[in-house]
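This report concerns only the one structure given below.
The values are calculated or read from the model by the stated rules, or taken from the named source; none is laboratory data. Because the structure is predicted, anything quoted here is derived from the model rather than measured. Cβ: placed from backbone, ideal geometry, glycine included. Neighbour counts: every protein chain shown.
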Amino acid sequence: MSSNSFGKLFTVTTFGESHGPAIGCVIDGCPPGLSISAEEFKTDLERRATGRSRYTSQRHEADDVEILSGVYEGRTTGTPIALLIRNTDQRSKDYGDIVQTFRPGHADYTYWQKYGIRDPRGGGRSSARETTMRVAAAVIAKKWLAERYGVRVRGYLAQIGEITPDTFDWNAVEQNPFFWPDAAQVPALETYMNALRKSGDSVGARVNVVADGVPPGWGEPIYGKLDGDLASALMSINAVKGVEIGDGFAAVSQRGSQHRDEMSMDGFASNHAGGILGGISSGQPVTASIVLKPTSSILIPGHSVNLTGEPTEVVTKGRHDPCVGIRATPIAEAMMALVLIDHALRHRAQCGDVGTVEPLIPGQSGQ
């Protein structure tokens, strides 16, 4: 299987399947001298993990990171960093009933058409389990970005089904299992999810991710646009069916006089462009949104075909998320951080000696 690597200078290659013995990644291009330990991966991996609340899949993985190479006496050496996480809670028998059947809305049929192999165990390589290693790699990226440039990457759940936040408070995001920015709405979300789970159905979601402190100049003007690479990275996340940079599709109904981010010596008047102009960061917060589809692994029967082309009915059993967007926030953060560190290194490589240009316009913080 090709295309398992991501990034040009900070390159992440992942491997492993949902129900295999382990998953892992190799990070090539990490600058030397960064302090890192296995314990530092724990927080973000727990944020991404299933089983952290009753509203996600109840698969419980330890997600203990083993650092196999690239770190000596607690610091990165500049050589490839290999990370390994052993799978400890596989239940392949849960998928015994669908060995000969394609689940509608999943990658079962397309993988079989491409590779001629049917691995029904939790989706195999197409499982969201693979994103664990992206989050692990991004722990290193986030730390380097923060120490070197003061960049902070964070996200939140911006919509679940038809529900949107009434108010916004960053402090509330990490205080509930939904990454929801309005604490007062959490009980209503719990009621909503309980009813959804009992119905056997699922629902989609929207996640917003923001990077503060990104300096101007990152990105390339044509084929390596910062927003182009960011859109590609975010679209690579399982179940993502739409990506927006800045205002995104809302720009359809805006006027040019409204959408353009006017400038003065006091800063930008707005950030409709999402902190990126001409493929290059402007110094404003880099903002993006993803839309995740409802998971297709539900208890409501659906029509499909089996390996011999005969019609059949599918009921997906096992442990599944009624809304995959609930734990997508750390994954979206991870992909943005990986794009940013790659572009930081690319910018430094080509334009590191451009030391006389100072930002004329101060960056603008915010959501």
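From the list SER281, SER270, pick out the single residue that is of a type in the set (Ser, Thr, Tyr), under 23 Å from the mean Cα position of the chain (by Cα) and surrounded by 14 or more Cβ atoms within 10 Å (Cβ to Cβ).
On the way: SER270 fails: under 23 Å from the mean Cα position of the chain (by Cα).
Result: SER281 is the single residue among SER281, SER270 that is of a type in the set (Ser, Thr, Tyr), under 23 Å from the mean Cα position of the chain (by Cα) and surrounded by 14 or more Cβ atoms within 10 Å (Cβ to Cβ).
Here the condition is being surrounded by 17 or more Cβ atoms within 10 Å (Cβ to Cβ), among the aromatic types (Phe, Trp, Tyr) and modelled with pLDDT under 85; of TYR156, TYR95, it holds for TYR95 alone. Would you mind stating whether ALA205 is under 30 Å from ALA344 (Cβ atoms), in contact (Cβ under 8 Å) with a residue 24 or more places away in the chain and touching a Cys at 6+ places or on another chain (Cβ under 9 Å)? Against the criterion (under 30 Å from ALA344 (Cβ atoms), in contact (Cβ under 8 Å) with a residue 24 or more places away in the chain and touching a Cys at 6+ places or on another chain (Cβ under 9 Å)), ALA205 qualifies. How about region 165-211: which of its residues are within 13 Å of ARG154 (Cα to Cα) and surrounded by 19 or more Cβ atoms within 10 Å (Cβ to Cβ)? Hits for region 165-211 are ALA172, VAL173, PHE179, TRP180, PRO181, VAL207, ASN208, VAL209, VAL210, ALA211. For region 284-310, the set of residues classified as polar (S, T, N, Q), farther than 30 Å from ALA250 by Cα and in contact with a Ser or Thr (Cβ under 6 Å, 6 or more places away or on another chain) consists of SER297, SER304, ASN306, listed by residue number. State which residue is farthest from HIS343 (Cα to Cα) when the search covers only region 218-266 and only residues that are surrounded by 15 or more Cβ atoms within 10 Å (Cβ to Cβ) and at pLDDT below 95. It comes out as ALA239.
Checking the conditions here, which among SER289, SER297 is of a type in the set (Ser, Thr, Tyr), buried (at least 19 other Cβ atoms within 10 Å of the Cβ) and over 16 Å from the mean Cα position of the chain (by Cα)? It is SER297.
Please go through region 267-308 and pick out each residue that is among the hydroxyl-bearing types (Ser, Thr, Tyr) and either touching a strand residue (DSSP E or B) at 6+ places or on another chain (Cβ under 9 Å) or at pLDDT 95 or above (or both). Those that are among the hydroxyl-bearing types (Ser, Thr, Tyr) and either touching a strand residue (DSSP E or B) at 6+ places or on another chain (Cβ under 9 Å) or at pLDDT 95 or above (or both): SER270, SER281, SER282, THR287, SER289, SER296, SER304.
Residue count for region 148-193 satisfying the condition of being of a type in the set (S, T, N, Q) and either in contact with a Gly (Cβ under 9 Å, 6 or more places away or on another chain) or touching a residue at least 60 places away in the same chain (Cβ under 8 Å) (or both): 1.
Whenever a residue of region 18-36 is at pLDDT below 95 and of a type outside the set (A, V, I, L, M), its partners that are surrounded by fewer than 17 Cβ atoms within 10 Å (Cβ to Cβ) and not in a strand (DSSP E or B), lying with C-beta atoms within less than 7 angstrom and at least six residues away or across chains, give the pairs HIS19/SER92.
Return the residue satisfying two criteria in turn: it lies in region 43-62 and is in contact with a helix residue (DSSP H, G or I) (Cβ under 7 Å, 6 or more places away or on another chain) and at pLDDT 90 or above, and of such residues it is nearest to THR132 (Cα to Cα). The extreme case among them is LEU45.
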